[in-house]
Amino acid sequence: MPDKIYLSVVIPVYNEEDNIAELSSRLTKVCQGLGKGYEILYVDDGSKDGTLEAIKNAKQSDQNIYALSLAKNSGKSWAYAAGFNAARGDIIVTMDGDLQDRPEQIPDFLEKIEQGYDLVTGWKYTGKGKRSMSSKLFNRLVRALTKLEINDTNCPFKAYRADIVSTREENKKVGLWIYGNLYRFIPAMAFWKGYRVTEIPVENDPRRFGQTKYGSTRFVGGFLDLMTIVFITQYIKRPLYFFAKIGLFLMACGFLLDLAIALYGWLIEGRVGHFALLILGLISIVIGVQFLFTGLLAEMIVRLHQEQRRDIPIFKKY
Ligand code: UDP
Ligand code: MG
């Protein structure tokens, strides 16, 4: 095997002991077929079963397998952050550790990266009507809000040029910084930074061993994360625009309402009444002012931060 590492496969695993052996042998086969240096990084996200032992066992048949063991269960984003920090390859591929993604499709992803894409994301295309309505609606909403034309933002099977997701200090300015549950929106964040993003269809096998770690509550979380992502991709450098839009709208509504009541009172009824509506208008004005000032405060925070970082756009010189 060549010394230089071309591919790092990063796989977050939480209680996946029964999946490791098969996944590892399939991965090894695929990676060796590439004829280039590779490493397989399992991020053991504080598993409580024999996952870590299973990875150590797998390492006996392939020295390119590593386990990064997190001190406690920290969720997928942090698991990725660890993996992206340790990865040494030029290309990083992420996939789940539950055998739902097929290692044999990794070369398809690599081909797209070789064609010049910065990020390739899988599209769990399992035939018409198979994906749930909620998932389709969610993806449609994501498309509308992020302007990124992909069908499946959630698919864990992805490939990246390593520096764009690296969490290393030297990549601070180009990398995406992923925390919380934002891994779901890595394509949107990359696209917003100006990276070339594309999508390829992938198979999605049913889970055979172990249990899914996410329940139906994830959709609520999904919407909150979507709000976060819209905010940070579109308004992080100009938060005032976000807050002021709401603030000015509320102020205008309140002002017009109160003006109408005042004029109606003076000109038609002879005295100003409709106090409930009048108060509603006032409250609207007050809340609007609050929004405006929150926006200004946010601008000051961004300014302080930018003075430290001095961000510049990403560009290439030819
Ligand atoms: N996972 C993880 N940490 C967690 C939850 C899940 O590393 O806190 C891993 C899990 O082991 C699997 C992947 O994330 O490799 C996806 O989880 P799962 O298959 O349960 O999600 P689903 O496919 O049902 O969306
Ligand atoms: Mg799964």
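The values are calculated or read from the model by the stated rules, or taken from the named source; none is laboratory data. Treat the numbers as computed from the prediction; the structure is a model and nothing was measured. Ideal geometry is used to build each Cβ from the backbone, glycine not excepted, and the neighbour counts take in all protein chains shown. Accessible surface is based on the protein model in full, side chains and every heavy atom, while ligands, DNA and RNA are left aside. Shrake-Rupley method; radii C 1.70, N 1.55, O 1.52, S 1.80 Å.
Of note:
- Over 18 Å apart at the Cα level, from the set Lys59/Lys124; Lys173/Lys193; Lys112/Lys158, are Lys59/Lys124.
- For the chain: rounded, prolate or oblate by the Cα gyration tensor [a/c cutoff 1.5]: prolate
- Think of it as helices only: each DSSP H run of n ≥ 4 in the chain is worth -39500 (n - 2.57), and spread over all residues that comes to -15500 deg cm²/dmol at 222 nm.
- Annotation: for a label point projected 7 angstrom from Cα along Cα→Cβ of Arg309, residues of the stretch 128-169 with backbone N closer than 16 Å are 164-169.
- Note on Lys316 and Arg208: with the Förster distance fixed at 35 Å, the Cβ-Cβ geometry gives a FRET efficiency of about 0.20.
- Å² of accessible area per residue within the stretch 7-128, as computed with a 1.4 Å probe and no ligands counted: 40 Å²
- Cα centroids of the stretch 78-122 and the stretch 1-57: 12 Å apart.
- Accessible surface ranking that places the most exposed of Met227, Met189 first, with a 1.4 angstrom probe: Met227, Met189
- Note, ³J(HN,Hα) from phi for the stretch 65-78, Karplus 6.51, -1.76, 1.60, rounded to Hz, x at Gly and Pro: 8, 10, 10, 9, 9, 7, 5, 8, 5, 10, x, 5, 4, 5
- Calculated FRET efficiency for the pair Glu53/Asp90, C-beta based, R₀ 35 Å, to 0.05: 0.70
- Prolate/oblate/rounded label for the stretch 1-84 (Cα gyration tensor, a/c 1.5): oblate
- Apolar share of the accessible surface for the chain: 61 percent from carbon plus sulfur atoms, 1.4 Å probe.
- Glu299 accessible area, 1.4 Å probe, all protein chains in place, Å² to nearest 10: 50 Å²
- Using the Cβ-Cβ distance between Ile301 and Ser61 with R0 set to 45 Å, the FRET efficiency from 1/(1 + (r/R0)^6) comes to roughly 0.30.
- Residue-span extension gain [Arg238 to Gln290] - 0.36 nm each, minus C-alpha spacing: 17.0 nm
- Three-way shape label, the stretch 162-245, alpha-carbon gyration tensor, a/c 1.5: oblate
- Within the straight-line cut-off of under 19 Å between alpha carbons, the aspartates and glutamates reachable from Lys147 are Asp118, Glu199, Asp225, sequence neighbours fewer than 8 places apart in one chain being disregarded.
- Annotation: per residue accessible area for the stretch 173-241 equals 55 Å², rounded to a whole number [probe 1.4 Å, protein chains only].
- A straight chain from Arg218 to Arg26 at 0.36 nm per residue would run longer than the Cα-Cα distance by 66.1 nm.
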